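In what follows, a structure is listed as structure tokens, so that the remarks can point back to it.
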Amino acid sequence: MTMLDVRTWTAVCRYDLLQPERGAAALVGDVQVALFRTHDGAVHALSNRDPFSGAQVLSRGIVGTRGDVPTVASPMHKQVFDLRTGVCLDEPDTAVAVFGVRVRDGVVEVSSP
Amino acid sequence: MSTNHQRTLVVVGNGMVGQRLVEALRQRDPQRRWRITVLAEEPRPAYDRVALTSYLTGTSAADLSVVPDGCYDDDCVLHLADPVDHLDRDARTVTTASGRVVAYDALVVATGSVPFVPPVPGADLDGCFVYRTIEDLDAIRDRAADTGSGVVVGGGLLGLEAANALLSLGVRTSVVEFAPRLMPAQVDQGGGEVLRRKIQELGLEARLATATERIEAADGGLRMVFADGSSLDTGLVVFSAGIRPRDELARSSGLEVGERGGIVVDDGCRTADPAIWAIGECALVRGRVYGLVAPGYDMAEVVADRLVGGDAVFAEADTSTKLKLLGVDVASFGDAHGATPDALEVVYADPVAGVYKKLVVTDDAAELLGGVLVGDASAYAALRTMVGRPLTDTPERLLMAGPATSDLGDDAQVCSCQNVTAGSIRGAIRDQGCADVAGIKACTRAGTVCGSCVPLIKTLLTQSGVVASTALCEHFDLSRAELFDVVRATELRTFSEIIAGHGRGRGCDICKPAIASILASLGAGHILDGEQATLQDTNDQFLANIQRDGTYSVVPRVPGGELTPEKLIVIGEVARDFGLYTKITGGQRIDLLGARVEQLPAIWRRLVDAGFESGHAYGKALRTVKSCVGSTWCRYGVQDSTSLAIMMELRYRGLRAPHKIKCGVSGCARECAEARGKDFGVIASENGWNLYVGGNGGFRPRHAELFASDLSTQELVRLVDRFMMFYVRTADRLQRTAAWIEALTDEHGDGLAYLRRVLVDDELGICADLDAALERHVGSYTDEWAAVLADEEKLGRFVSFVNAPDAPDPSIRFVTERGQIRPATPVSGDGPPVVAGPTLEVVR
């Protein structure tokens, strides 16, 4: 079965502006998105808002892995989030929104969650 | 649950031994046939009197408590501050000071002892103290705050402990001892002499063979007059010349007491009255009063057993002791004085190194009887367990190297305080899965009182093949120190190379900053160069300290806290122009808060142009060297503390370490720079500098301990260089110097002594390497912020949004409070939010 992708995509920056294994914040409308480029070249996009502190800082966390899961640790109190699902691995009841993200012609585009 | 069949036990006294009885009986009497009432004189439940001195160096009264949670309930009641003052043996009741009358079926007297105060005139003057309770220590501390000098009467174990406490309060201390040597009960003349020399080096004056004749009030202080006519002026006097059993209940009720005091009991610790028992320091058992906690615990166990129908007896007690006095290890065990007929003594003495060791053996040198160790007691735990056994080696070799731990039989006693054998510990490892010292402590109680057997427990753990994991995280099996050595030896200088060669996965918030710190300590360039930038915590990433709302604070370096008016004005102007909140820090500098990521370069451009540089408030690195104005201005100062602090701050600035490092320099013993609360603290003396190490404030405050005294500036810097670099190389991640030294103590017996051997005597042969590494650091230092401002690529990362580099984060809101901004929290709701300060920087 084929689904039509009807999401709206917003171009945010050139892919090579993203430093490997480091995050960057982007402003999409009035929403703050945290973009992460992992070691394997993949790009992930989560809400930039750390749900534990309420501050818009997740993009400034340390990127790494837990087992095979690509992760970011909140720079505020170090809770670790799954970059693919937004679920907090330390407190699985908490998750942050995941945005669609793709790279077209060397440009990173983000869609609504 | 109370039942009619219950009998009542009354325990008089809630010291360590009385408390032990309660716990031992509770354990043996699960049906609660005994109801327990404890009547205590002190206002707080039992606390660890062995560790009392630590109360003066930051341990709280609550930390010292030895009463487990849930110990007291309906069937087991503790009344504090209500001493028993009358015993009616006929009626089987006791009456307390408050008039409470309690009937008993069995009575255990555990009233302990009082310090002996010699009957010299003036011993009751203001400023004379004893050293036994937390209240005594509070009073001594109050007095010490107003005086510079103190005298301890008594050079025994407790006297030296009290002297140690006075020194830790910054008081110039003398010890007056009647006998011709220190610790006459434990060590012989040779050991006493080594001990005297060692502690004299550390600033403690010892007057031996001296009798005090009287004490007089003089010039607002006290004057001690001695039998030889000489005198000594002092601010306070502490009597610590032995103990006297608290046996007055026995005396007033007609129970037999010893000639020199002590309630006479039989081997079962029972008095002539079958309903009454006595345990601990108030009891005279086998013709002797024991002033140590271990025999007291044994007595408590004996009585608990008897109360439930057992027939335990108190055996000959082990009076072995090991303690660290002023950094000097002193231990004696078994027949330390060679009292056994025809005993032979084998002595090793090195007066230069301050080491004295003696073994007492049988006349055929086949069996160990006892010994004395001063200056190096590392072999104590193993030697003590061998007393009464055949020697496993020649006495000479045992003296030099100590016995091998594999020689320990299962019945060898490892912990004498809690009477735990090597076999029990091996059993706990094998059957109960204990894998570390904490587990052994919980399972067997070994090592929970004086702690001197902890190195032996560690050895047993290692021998059993149980090794506590020191792995950094799931990505590295190595500890931080091991990783440091690997990186240093292999010259791998990127995270990717290091994790590919020695780890797995792509790292995490634990190993990445740890490796970033190691690389920085090894001088691998700017911390934001290349891949290193991705390893940094957000503070190091933006060279500023993140705050609760995602803004950052800026702290320029102010070496030694010295700041010109021009620079002060620049800080004020920057804060005003960027609308930042300003506050003075505890480290004598100024914190500018509320800066957004994209503002940091412009703020720092202004600061760097004015001559400021990074203060590394964001880094696990040297923070500040706090100082007083010293001899330059202060009428009390004896050395130029400000110049030294500035020199040291400039020398060590930027050095990345396992944790932050804080320092202080005080220009006299009044210690206004609070140097003893720092990782290393320097206090001026008339003859130079005294170096203290291992202090910190924070969650668990610790006073730094004296490492070396009367150093020249050059000697001081050399020692601090080595201390810093050795800490950087070998400490665990996020381990402050205090915890690092504690870990060294667990591993090597006495952390400070070990550090002296490594950093002063160069026992490991690494001092030249440490010196060179520190010189490399000094030579390669550059200001991190100036380097960022000169590098467009690094500057490009200081943006709020990758697609809107200068747009302020709209979620950051401030309100004003007392004329400055603060984060607008959801609960505040006061005043209108402002997005930034009154004026914004418009020109770069």
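The values are calculated or read from the model by the stated rules, or taken from the named source; none is laboratory data. The structure displayed is predicted, hence computed values, not measured ones. So basically every Cβ, Gly included, is an ideal-geometry build from the backbone, and we count neighbours across all protein chains shown.
When you check B:Gln541 against the structure, is it surrounded by fewer than 20 Cβ atoms within 10 Å (Cβ to Cβ), modelled with pLDDT of 95 or more and within 14 Å of chain A (Cβ to nearest Cβ), yes or no? It is false that B:Gln541 is surrounded by fewer than 20 Cβ atoms within 10 Å (Cβ to Cβ), modelled with pLDDT of 95 or more and within 14 Å of chain A (Cβ to nearest Cβ). Out of curiosity, is B:Asp318 under 30 Å from B:Ser378 (Cβ atoms) and touching a Phe, Trp or Tyr at 6+ places or on another chain (Cβ under 9 Å)? Here the answer is yes, as B:Asp318 does meet what is asked.
Take B:Ala227 and tell me if it is over 19 Å from B:Ser149 (Cα atoms) and in the same structural domain as B:Leu169 (by TED's automatic domain parsing).
Working: over 19 Å from B:Ser149 (Cα atoms): yes; in the same structural domain as B:Leu169 (by TED's automatic domain parsing): yes.
So B:Ala227 passes the test.
Counting the residues of the range B:771-819 that are within 14 Å of another protein chain (Cβ to nearest Cβ) and of a type in the set (Ser, Thr, Tyr) gives 2.
Among B:Ala516, B:Ala524, B:Ala595, B:Ala575, which is within 11 Å of another protein chain (Cβ to nearest Cβ) and either under 16 Å from B:Leu607 (Cα atoms) or not charged (D, E, K, R) (or both)?
On the way: B:Ala524 fails: within 11 Å of another protein chain (Cβ to nearest Cβ); B:Ala595 fails: within 11 Å of another protein chain (Cβ to nearest Cβ); B:Ala575 fails: within 11 Å of another protein chain (Cβ to nearest Cβ).
Of B:Ala516, B:Ala524, B:Ala595, B:Ala575, the one residue that is within 11 Å of another protein chain (Cβ to nearest Cβ) and either under 16 Å from B:Leu607 (Cα atoms) or not charged (D, E, K, R) (or both) is B:Ala516.
Consider B:Asp267 carefully, then state whether it is of a type in the set (D, E, K, R), surrounded by fewer than 24 Cβ atoms within 10 Å (Cβ to Cβ) and over 30 Å from B:Gly155 (Cα atoms).
Values: of a type in the set (D, E, K, R): yes; surrounded by fewer than 24 Cβ atoms within 10 Å (Cβ to Cβ): yes; over 30 Å from B:Gly155 (Cα atoms): yes.
It is true that B:Asp267 is of a type in the set (D, E, K, R), surrounded by fewer than 24 Cβ atoms within 10 Å (Cβ to Cβ) and over 30 Å from B:Gly155 (Cα atoms).
Residues in the range B:528-579 that are within 32 Å of the chain's Cα centre (by Cα) and free of Cβ contacts under 8 Å to residues at least 12 places away in the same chain: B:Ile546 only. The listed residues are B:Leu522, B:Leu543, B:Leu535, and the only one of them that is over 25 Å from A:Arg60 (Cα atoms) and not polar (S, T, N, Q) turns out to be B:Leu522. The set of residues from the range B:111-136 being in contact with an Asp or Glu (Cβ under 9 Å, 6 or more places away or on another chain) and closer than 23 Å to B:Ile279 by Cβ comprises B:Thr111, B:Gly112, B:Ser113, B:Pro115, B:Val130, B:Tyr131, B:Thr133, B:Ile134. Have a look at A:Ala73, A:Ala25, A:Ala34 and point out the one that is within 14 Å of the chain's Cα centre (by Cα) and more than 9 Å from chain B (Cβ to nearest Cβ). After ruling out the rest, the residue left standing is A:Ala34.
Note on the range A:76-97: residues that are in contact (Cβ under 8 Å) with a residue 24 or more places away in the chain, crowded, with 20+ Cβ neighbours inside 10 Å and within 11 Å of the chain's Cα centre (by Cα) total 4.
Let's see how each residue does on (1) of a type in the set (A, V, I, L, M, F, W, C); (2) more than 24 Å from B:Cys282 (Cα to Cα); (3) in a strand (DSSP E or B):
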| position | (1), (2), (3) |
| --- | --- |
| B:Gly18 | no, no, no |
| B:Ala24 | yes, no, no |
| B:Ser54 | no, yes, no |
| B:Asp69 | no, yes, no |
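Conditions tested, residue by residue: (1) in contact with a helix residue (DSSP H, G or I) (Cβ under 9 Å, 6 or more places away or on another chain); (2) at pLDDT below 95; (3) assigned to a strand (DSSP E or B).
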site: B:Gly611; (1), (2), (3): yes, no, no
site: B:Thr624; (1), (2), (3): yes, no, yes
site: B:Tyr636; (1), (2), (3): no, yes, no
site: B:Ile646; (1), (2), (3): yes, no, no
site: B:Cys663; (1), (2), (3): yes, no, yes
site: B:Arg670; (1), (2), (3): no, yes, no
site: B:Gly681; (1), (2), (3): yes, no, yes
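On the stretch given as the range A:37-52, residues that are surrounded by fewer than 21 Cβ atoms within 10 Å (Cβ to Cβ), at the interface with chain B (Cβ under 9 Å from one of its Cβ atoms) and within 19 Å of B:Ile812 (Cα to Cα) total 1. The listed residues are B:Leu622, B:Leu519, and the only one of them that is under 33 Å from the mean Cα position of the chain (by Cα), without any contact (Cβ under 8 Å) to a residue 40 or more places away in the chain and surrounded by 20 or more Cβ atoms within 10 Å (Cβ to Cβ) turns out to be B:Leu519.
Restricting to the range B:648-661, count the residues that are closer than 15 Å to B:Gly560 by Cα and in a strand (DSSP E or B). Matching residues across the range B:648-661 total 1. Cβ-Cβ distances below 9 Å connect the following pairs, each with a first residue in the range B:185-211 that is at positive phi, a second residue that is among the polar types (S, T, N, Q), and a separation of six or more residues or different chains: B:Gly203/B:Thr173; B:Gly203/B:Ser685; B:Gly203/B:Asn690; B:Gly203/B:Ser709. Evaluate the following for B:Gly615: is it in contact (Cβ under 8 Å) with a residue 24 or more places away in the chain and at positive phi? Spelling it out, it is not the case that B:Gly615 is in contact (Cβ under 8 Å) with a residue 24 or more places away in the chain and at positive phi.
Inclusion of B:Ser553 among residues that are in a helix (DSSP H, G or I) and hydroxyl-bearing (Ser, Thr, Tyr) is not warranted. Taking the criterion of being without any contact (Cβ under 8 Å) to a residue 60 or more places away in the chain, hydrophobic (A, V, I, L, M, F, W, C), outside any strand (DSSP E or B) and within 20 Å of B:Ala24 (Cα to Cα), the residues of the range B:249-306 that qualify are B:Cys269, B:Leu292, B:Val302.
Comparison of B:Thr470, B:Thr448, B:Thr421 shows that the only residue that is under 30 Å from B:Leu522 (Cβ atoms) and either surrounded by fewer than 18 Cβ atoms within 10 Å (Cβ to Cβ) or not acidic (Asp, Glu) (or both) is B:Thr470. Of the residues B:Val728, B:Val720, which single one is buried (at least 22 other Cβ atoms within 10 Å of the Cβ) and under 16 Å from B:Glu705 (Cα atoms)? Within the list B:Val728, B:Val720, the selection yields B:Val720. If you filter the range A:3-22 down to residues that are polar (S, T, N, Q) and within 12 Å of another protein chain (Cβ to nearest Cβ), you find that the one that is surrounded by the most Cβ atoms within 10 Å (Cβ to Cβ) is A:Thr10.
If you filter the range B:550-559 down to residues that are out of contact with any Asp or Glu (no Cβ under 6 Å at 6 or more places or on another chain) and either closer than 10 Å to B:Phe612 by Cβ or small (Gly, Ala, Ser) (or both), you find that the one that is surrounded by the most Cβ atoms within 10 Å (Cβ to Cβ) is B:Val554.
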